[in-house]
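Engineer: One structure follows; several queries about it will come next.
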Amino acid sequence: VEFFFQDKSTQAKAGDSIAAALYRSGRRIFSRSFKYHRPRGLLCVSGNCPNCMMNVDGVPNVRTCITPVREGIQVKSQNAFPSLETDFLSATQHFDRLMPVGWYYKTFTHPALWHAAEPIIRKAAGLGDVPTNKPAAYEHSWMYPDTAVIGGGWAGIHAALEAAERGDQVVIIDDQQALGGQLRYRKGAGELPANAISKLQNTRNVKILQGSSCFGIYEGNLIGVLQPGPNPQAAERLIHVRARRTVIATGAYETPILFQNNDLPGVMLSTGVQRLLRLYGVIPGRRAVVVGTSSLAEEVSADLRAAGVEVVANIDPAEIIAATGKGKVGGVRASTGKFSCDLIVVCGPRVPNAGLAAQAGGRLEWNNEGAAFLPVGLPPNIAAVGDAAGEIPPNSVSPLSTDKRAFVCLCSDVSCKDLCDGIAEGFDQIETLKRYTTATMGPCQGRMCQLPAIQVCAHETGRSASETGVTTSRPPNPSVSLGALAGPRHHPVRRTPMHCAHEDHKCVWMDMGGWKRPRYYKGHDGVSESESVILEHRSVREGVGIIDVSTLGKIEIRGRNAGDLLDAVYTHRFSDLRVNRVRYALMCDEGGIVLDDGTISHLAEDRYFVTTTSGNLDFVHQSLQWHLVGTNKDVHICNVTAGYGSMNLAGPRSRDALRKLADCDLTSKEFPYMECREAKVGNVTAILLRIGFVGETGWEIHCPAESAEELWHSLLEAGKEFGIRPFGVEAQRLLRLEKRHVIVGVDTDALTNPYEAGLGWAVKLDKQDFVGKRLLSHAKESRERERLVGFILKESGVPPDGAAIVIDGKPAGRVTSSRYSPIQKAAIGLAWVRVSQAHEGASIQVRLDGKLAPASVTMQPFYDPEGLRLRQ
Amino acid sequence: MDYRFNRANIAGVQTEWWFHRSGCGQWIQAVRNTVSNEVLESFFPGERA
């Protein structure tokens, strides 16, 4: 296999990890440290330490020691300039005196200092660069097994077999490249259970997620699993595993011990050495010193000798003082003498990998015999087994070094001395020490440094490890890319029944709360937006226009007590609404804040038809239901939004057009403004509401969705002789603005009460209790602070939404909507101003293109203030 | 004001309203311990006195 490191071709064997291939090719320095830019080499070879992180195909911080080589990948180093071997910024380590523990807190005591230093520090310190190339594709999937086993070592294999034999659906999540855990690379741990593994692989009710890591256990036994490269189309797949039972068999990992220069390339954990030897056939060095006296040290010594590595010495952890050498290991200085070598093999303490157990609801308790924190108090459906539960050989307590080059935390260069200084400064609790020094907070998630940090803290404060306690383990563990969490970029789109008709009319789409709506129609001539809006506007004001309003929320309410329910939820009174009448409906919250508006039509004695704004439908539906539950009222609520297609036919000639199709009398005498009928329009039975959002004679027509497109075409045909034209949201916005009709959520916000918005007429405080009554009564009595007013700009230009209103040089309000009105031949709009300016003719200034434009306030609609046209 | 803006915010057992939003659209009530997140009981509103 061929791949590229720093653009140079590098050979690898099939099955190699990236780091193993680089090590075989002679590379010893794999990264530069976070703060001091010290050279770092392979340490754990198991994805637990931060030392091998590189950029792979543009993705930063990839743990190359566990990432398999793929043909042609581009691997690059991070945080090093000009190269890993020679990094100029490594000079910073000689100035460590200037950067004591808590350096940020002590140095940047003023924001200006930090702003000056930030760009330099951001460049000097840190991890990889955020990728700017095309984002990769990510997938999500879900699994619901009876038993989930996390970890594919001997404990996990046996737990999975047992569950599978019981008949459970089993999922095994293993972050290694094959099942077997430490048996794959430790001869001393026993034989690989080949029979058990092949049995698992051939059992139908067992699913093995190989090379996938579990990054967290969440509420309700939800396990987050990250699977890299599930298929050629996706970079990563996030699997939501919700299991009845979970077995945590995550094993144990080895941690470093503390001595001077314990981070030098060439210092390697014993399991790291074994992995290189057995998994990849890489000879880690020529002359090795093994630090450790346990049987594990004998085991790794034997492995090394078998591979032809000379074991120069086997020394006790208490004897080692320092690793020597420049840039890589050249020897060992110990109390018993000096040894020359190119590899220091550290048999460090084995730490149960119990972070997931702690996340799942367990506690970590210090166990004196094992010298380790073990999980206890797990919930009944979660168990920890094997090494993770503490079935490990007892650790000898490693000696402490207070040297400033004895690193506890490799991720952010925190030494023993830094921890001691932090404690001396008063941060003597493990959780505060963690936050102050940032030990255990780096990419390794504390795996390498948690135990040493606790031991240092316990030693310095004279407490036991048990009293010192353990830092909290939180997901994600290990890290997860944000793209995987965000998942596939699906944008479900709602289309109205007339979608294709709009497309035929060459509309320009806009997205509104999940819906696609025509913004304007550019037509076959391809007119511009402003031209098109003028044409659409004119057809409504002078002839007839039609707009698709299917996105309105529609709710049908039936039953004897329907009127009572509406009285309790809406501010207006509906129980006295006569059949065939329509009334404006305003909904407030308990605080008297405007939430939603629409219309309510009384179609029959026990039947109301409610419309809501598109975005608030779900909320309105929910709150209507909430008021109903448990009351035994005779009311049925049905969300019929998708069942009806809706259109608004408006303009002085709309009656002439509709008359050709509708089988009811449309004269204002028989069908006056604010009334409703059920009638046949052509072949279609529809609900007709005579209302006028755009301020002209018009009907809102709701018909069964399957007939809506047909009705749309029939109406266009019927209106042809009157110059009918479909109009879009932009024209509608302009038309309603000329009438000063408010759009809830555009012209109102989370502080708007109906009185200030000029909607006080829709609040009936003299009826029985309803939502918001108490605070609305209060608001009516209180002095208003602001009012929503109309304004006409006296100069050319249109202020953007949100533009500031300025009075006497001070901001005194804001524009909520503004458009150029062909009727007024000027920009008009709605704005919030102080009550003192809320009177006819008041002069205000609007910020426009960095200048102040004069405008005058109006409390009247800009068009047809008496509302004669919509009653015609 | 108290009614509108202040909540008891019990650390312990309280009766809550839940809405099955992406499912059946029903309101239910649950007696839940807000500390342990243990749901002790759930029922339809009006089912219990």
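The values are calculated or read from the model by the stated rules, or taken from the named source; none is laboratory data. Small disclaimer: the values here were computed from a predicted structure and weren't measured. Cβ sites come from the backbone with ideal geometry, for glycine too, and all protein chains shown count toward neighbours. Each accessible area value is taken on the protein alone, full model and side chains, heavy atoms only, with ligands, DNA and RNA left out. Shrake-Rupley method; radii C 1.70, N 1.55, O 1.52, S 1.80 Å.
Engineer: Of (1) under 41 Å from the mean Cα position of the chain (by Cα); (2) away from chain B (no Cβ under 14 Å); (3) open to solvent by 30 Å² or more (accessible area, probe 1.4 Å), A:GLU670 satisfies all except one. Which?
Structural biologist: For A:GLU670, the failing item is (1).
Engineer: Of the residues A:LEU788, A:LEU848, which single one is out of contact with any Cys (no Cβ under 8 Å at 6 or more places or on another chain), farther than 27 Å from A:THR571 by Cα and buried (at least 18 other Cβ atoms within 10 Å of the Cβ)?
Structural biologist: Just one listed residue meets the conditions, A:LEU848.
Engineer: Of the conditions (1) touching a residue at least 12 places away in the same chain (Cβ under 8 Å); (2) within 23 Å of A:SER270 (Cα to Cα); (3) open to solvent by 30 Å² or more (accessible area, probe 1.4 Å); (4) not aromatic (Phe, Trp, Tyr), A:GLU2 satisfies every one except a single condition; which number is it?
Structural biologist: Unmet for A:GLU2, out of (1) touching a residue at least 12 places away in the same chain (Cβ under 8 Å); (2) within 23 Å of A:SER270 (Cα to Cα); (3) open to solvent by 30 Å² or more (accessible area, probe 1.4 Å); (4) not aromatic (Phe, Trp, Tyr): (2).
Engineer: Additional query: Go through (1) touching a Gly at 6+ places or on another chain (Cβ under 8 Å); (2) under 26 Å from A:LEU577 (Cβ atoms); (3) touching a residue at least 40 places away in the same chain (Cβ under 8 Å); (4) not acidic (Asp, Glu) one by one and return the number of the condition A:LYS780 breaks.
Structural biologist: Only one criterion is unmet by A:LYS780, namely (3).
Engineer: Answer yes or no as to whether A:LEU688 is open to solvent by less than 20 Å² (accessible area, probe 1.4 Å), touching a residue at least 24 places away in the same chain (Cβ under 8 Å) and over 20 Å from A:GLN872 (Cα atoms).
Structural biologist: When the stated conditions are applied, A:LEU688 does not pass them.
Engineer: The conditions are (1) buried (at least 24 other Cβ atoms within 10 Å of the Cβ); (2) within 14 Å of chain B (Cβ to nearest Cβ), and A:VAL171 fails exactly one of them. Which is it?
Structural biologist: (2)
Engineer: Also: Considering segment A:506-528 alone, what residues qualify as being within 25 Å of A:ARG494 (Cβ to Cβ), open to solvent by 60 Å² or more (accessible area, probe 1.4 Å) and either outside any strand (DSSP E or B) or without any contact (Cβ under 8 Å) to a residue 24 or more places away in the chain (or both)?
Structural biologist: Correct list: A:LYS506, A:TRP509, A:ASP511, A:GLY513, A:LYS522.
Engineer: Please verify whether segment A:856-863 includes one or more residues that are over 18 Å from A:ARG740 (Cα atoms) and either open to solvent by 10 Å² or more (accessible area, probe 1.4 Å) or among the small types (Gly, Ala, Ser) (or both).
Structural biologist: Taking every residue of segment A:856-863 in turn, none turns out to be over 18 Å from A:ARG740 (Cα atoms) and either open to solvent by 10 Å² or more (accessible area, probe 1.4 Å) or among the small types (Gly, Ala, Ser) (or both).
Engineer: While we're on this one: Quick check on my filter: what residues within segment A:119-128 are under 24 Å from A:LYS434 (Cβ atoms) and open to solvent by 50 Å² or more (accessible area, probe 1.4 Å)?
Structural biologist: Result: A:ARG122, A:LEU127.
Engineer: With A:VAL742, A:VAL771 as the choices, which residue is open to solvent by less than 40 Å² (accessible area, probe 1.4 Å), within 14 Å of chain B (Cβ to nearest Cβ), assigned to a loop (DSSP other than H, G, I, E, B) and under 20 Å from A:TYR570 (Cβ atoms)?
Structural biologist: Going through A:VAL742, A:VAL771 in turn, the sole match is A:VAL771.
Engineer: Tell me whether segment A:664-687 contains one or more residues that are basic (Lys, Arg), more than 27 Å from A:VAL533 (Cα to Cα), in contact with an Asp or Glu (Cβ under 7 Å, 6 or more places away or on another chain) and modelled with pLDDT of 95 or more.
Structural biologist: yes
Engineer: Among the residues of segment A:553-563, write down those that are open to solvent by 10 Å² or more (accessible area, probe 1.4 Å) and either basic (Lys, Arg) or closer than 27 Å to A:GLU756 by Cα (or both).
Structural biologist: Within segment A:553-563, A:ARG558, A:ARG560 qualify.
Engineer: Taking into account only those residues within segment A:8-37 that are among the small types (Gly, Ala, Ser) and surrounded by 18 or more Cβ atoms within 10 Å (Cβ to Cβ), which is nearest to A:GLY211 (Cα to Cα)?
Structural biologist: Of everything passing the filter in segment A:8-37, A:SER17 is nearest to A:GLY211 (Cα to Cα).
Engineer: Sort through A:ASP618, A:ASP576, A:ASP548 and tell me the only one that's closer than 30 Å to A:SER668 by Cβ and modelled with pLDDT under 95.
Structural biologist: Unique residue meeting the criteria: A:ASP576.
Engineer: Residues A:ASN381, A:ASN395: which one is crowded, with 16+ Cβ neighbours inside 10 Å, touching a residue at least 12 places away in the same chain (Cβ under 8 Å) and among the polar types (S, T, N, Q)?
Structural biologist: That would be A:ASN395, the only listed residue that is crowded, with 16+ Cβ neighbours inside 10 Å, touching a residue at least 12 places away in the same chain (Cβ under 8 Å) and among the polar types (S, T, N, Q).
Engineer: If you don't mind, another one. Which residues, counting only those in segment A:69-110, are more than 20 Å from A:PHE407 (Cα to Cα), open to solvent by 30 Å² or more (accessible area, probe 1.4 Å) and not in a loop (DSSP other than H, G, I, E, B)?
Structural biologist: The answer is A:GLN74, A:LYS76, A:PRO82, A:PHE88, A:TYR105, A:LYS106, A:THR107.
Engineer: In this structure, is A:ALA388 touching a residue at least 40 places away in the same chain (Cβ under 8 Å) and closer than 30 Å to A:GLU219 by Cβ?
Structural biologist: yes
Engineer: If a residue counts only when it is within 13 Å of chain B (Cβ to nearest Cβ) and either in contact (Cβ under 8 Å) with a residue 60 or more places away in the chain or open to solvent by 20 Å² or more (accessible area, probe 1.4 Å) (or both), which strands (runs of 3 or more DSSP E) contained entirely in segment A:574-651 have at least 3 such residues?
Structural biologist: A:636-639
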